[in-house]
Structure formats: structure tokens, C-alpha cells
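Comments concern the structure below.
The values are calculated or read from the model by the stated rules, or taken from the named source; none is laboratory data. Please read all numbers here as calculations on a predicted model, not as lab measurements. Cβ placement follows ideal geometry from the backbone for every residue including glycine, while neighbour counts extend to all protein chains displayed.
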Amino acid sequence: MSVLTVGLSHRSAPVSLLEEVSLGIGDTTEVLTELTAGAVGEAIVLSTCNRIEVYADTDAFHAGVDAITDLLSRRAGVPLEELSKHLYVHWEGQAVLHLFQVACGLDSMVIGESQILGQLRRAYAASGDGAGRVLHELFQTALRVGKRAHSETGIDAAGQSLVTVGLEHAVRAVGELEGRNVLVIGAGSMGALAGATLRRAGVGEVVVANRTPANAERLALSLDGRGVGLDALEAELARADVVVTSTGATGLVVHREVVAAALAQRAGRPLAILDLALPRDVDPLVRTLPGVTIVDLEGLQTALAGTDAGAGVEAAREIVADEVGTFLTWQKASRVQPTVVALRSRADEVVAAELGRLKSRLPELDDRERAEVEQTVRRVVQTLLHTPTVRVKELTEAPVGLSYADALRELFGLDRAAPAAVTVTPLALEEDDASSPEVAR
């Protein structure tokens, strides 16, 4: 089984297509169920504001790619030939490299952004039974690699969060943020980040609007603001200078008619709206209204293209390269280890059977003599197995390693199902720590 990644992001696809695919995926539980029932053994779906990726463990490259691309095309309602133009595919080592780069913020729209770690953690937690041993190890390691990059390098300074960059655009529309009224739509992690960023900028009143008023009030309390339901949008739009919206809704939240009604109460004051949702929250027709500036993911994608990464990025890349090598070595060893375990189990079975026959043939042996014979037999078996088991571990770093394991199975007549039955219980997901492959051995 090998790791396969199929996806599209801000680097490969327009925001409009990302939006269509994101809407089509909807509840990832159904996607995972369908994938793992077919050519894919394990799967995790990572869906963020600027990427949709499927990570899978499969032993059939072409069948795995076909299964994932067909599913994305069908659920998004986008013809396969059109979708394929924007998809990228990574296999084995390249798939591991890509995920580690994503975890470090090296592949983000804003280089070095750390929000991706939380998004990775949520995708991992949401995978449920879709993730088995391989993807558990892969994602736990990716989370640890991302944390290393942010704590050991200066990559955080290489770029700014989407919220910060978007608010810079808002300042150009309405002036300095200090003392301005702010409306945050959505009480999730992005809403919390936006509210905290705005508070640090010295804004005036902060209002949080959410479909569930209790959630809005909870976030508003932490921001020293007030919470309202979405039914209060028109009134709050009339008061706000800056709006940041990032809900998980699958349809529009801020409609043109509501904004137009709010503008009639604003006496010509400009309004800046930062739409960070995917799919988008704001009706595109709002752009046609006078005095309204909209900054969305598509605009940010253009503004952030080609930004200088800096030395922190190079240090992060070195961490990624080192961690990829470590993970691939562990992966090869983990494929061979079940064969070694099965070989030793087979030897134990043979020794036990022969000692049983010896007991029936030579019942006159006393306990001391019987123990001496058993120790001698086991010592002979261990001596014979020592070289092949050590050698197979040494060869895991070379391409011949896996074929050598296959040869052991054939030469010793091992049941092919036996190595597959040797498993390691996946480590529990930790909120603040992602274990390495070294721990999982």
C-alpha cells in the first residue's frame, strides 16, 4: 500500500472551481465511505479555504486516481475533462513531501500561515474509520513537522495570515481601523482569529453574528463585544465599517438586497467586506453597490502571488526534507516488520510441534533433560533466523528490501495473510502533540 494525493488548490485552480468542488464534497463522511468501499484502503479529505485534497492509502495507483477523480467530478458536477486540467497527483514520497509542505505553510496562499495546522487536525479527526495505520502515522507526523517548522524557524515572519492581508485592503477602503465598528459573521476559528486581530488593531465595537446566537454570544464575550443572530444582519451592516465573514454555510449568507437596505441607512459611509469563506458567503452582486469594497479569496490570491518567502522558508524546507526521509524509512521498515514477526511466529509453531512429538516418543526424559533439549532446539532456530531477520531490516533502505521480504515468505512458506495481520494500534490524536513514527514503532 502506498500514499496517494489527488487535489486542487489556489495554485492549480480558480477560486470559482474550488468553490464548486467544495460545495460538491459537502459532508466528508459520505466521501470517505464511498472511497474506502472501493479501490482505496484508507482516506482523509482536507478541505480548506484554498484547497481540496484527498489523501489515500492504496496499492493500485491508477485505480486510486480514477476513483478519487471520478468522485470529485461527480459530486461537484464538473465534467471530468475540465476538472482534470486543474488536478495534481502525488504518489508515495512526493505525496508525503507535499503534505509536510502543506503542514508547514509552504504551500499556502500566504507563506507560513499557521491556520493550516488546525485544519489538518480537524480533517484528521473527522476521518474516523477512514484513516488506518498508514494515514494515522502520516498525519500525526505532518502535524509534528508543522509545529517544528513554526517553533524552530522564522517562517511565521515570511507571510501574514489571510485575515491580516485582507484587512490591509480594507484599510485602503475605509481608513485606519482604530475606533471603527466591526461585524464578524461566523463564530468558528476564522471568526475568532478575525475578531482577535481586529481587537489588537484597536477597533471600536465588535459584533459577532452567527446562525446560532448562543455561539455568537460566546465568541463575542471573549472579544468584549456582543453577539446577534443572522436575522440582525441588516441593522448591523448599517452600523459596521468593516465586515469579516467566514461561515461554514453551503449557500450565500450576505445577500445584495440586505446590503442595499443597509447602505440606505449609512449616509454614504464606505463599507469594506472581507469574505474568507469557501464557498463564498457574499453575493457577487454586492460588488455592484456604490461605496462597497469586497476583498475575497480570489482577490487575495492575486495580491499574494509571488511574495518573497525569506530565510525562514528555507529553514522550514530543510526540516521537511529531513522528516520526509525519516518517514519513508519508517514506512519501508513497517512493511517488512510483519514478515519478520510472521517468520518468528512460524518458527515458534514448528519448535512447539516438534517438542510435543519428542515428549510422546521419549516419555522417560525428566524435566531437567527436557528443558535442556528445548533450550538447545530454540537456540538452533534463533541462530538460523538471526541472519535473515537482521538482513531484511538492513535492506529496508534499499529497493531490494521489499522483494527480500517477499522471498522470505516464499522460502519459509509463510501464510501471506499472516504479515497483514500484524498491526500496531494507531496512536490517539493529541490536540497539542503529533507523535512521530519513531514513537509508533
Among strands (runs of 3 or more DSSP E) entirely inside region 230-335, those with 1 or more residues being at pLDDT below 95 and more than 21 Å from GLU205 (Cα to Cα) are 292-296
Can you go through ARG172, ARG180 and tell me which one is farther than 26 Å from GLN94 by Cβ, in a loop (DSSP other than H, G, I, E, B) and either within 15 Å of the chain's Cα centre (by Cα) or not small (Gly, Ala, Ser) (or both)?
ARG180
Can you find a residue that is closer than 26 Å to LEU289 by Cα, buried (at least 19 other Cβ atoms within 10 Å of the Cβ), out of contact with any Phe, Trp or Tyr (no Cβ under 6 Å at 6 or more places or on another chain) and modelled with pLDDT under 90 anywhere in region 167-189?
yes
Just to be sure I understand, how many residues within region 23-46 are modelled with pLDDT under 90 and outside any helix (DSSP H, G or I)?
7
Among the residues of region 256-285, write down those that are within 33 Å of the chain's Cα centre (by Cα) and crowded, with 17+ Cβ neighbours inside 10 Å.
ALA272, ILE273, LEU274, ASP275, LEU276, ALA277, LEU278, PRO279, ARG280, ASP281, VAL282, ASP283
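A quick yes/no check of all residues on (1) of a type in the set (S, T, N, Q); (2) in contact with a strand residue (DSSP E or B) (Cβ under 6 Å, 6 or more places away or on another chain); (3) closer than 30 Å to LYS147 by Cβ:
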| site | (1), (2), (3) |
| --- | --- |
| THR29 | yes, no, yes |
| THR33 | yes, no, no |
| ALA95 | no, yes, yes |
| GLY105 | no, no, yes |
Just to be sure before I move on: is VAL54 under 17 Å from the mean Cα position of the chain (by Cα), under 14 Å from GLU92 (Cα atoms) and not assigned by TED's automatic domain parsing to the domain that holds THR245 in the structure I sent?
yes
Condition first: closer than 24 Å to GLU30 by Cα and crowded, with 20+ Cβ neighbours inside 10 Å. Now tell me which residues in region 88-101 satisfy that.
ALA95, LEU99
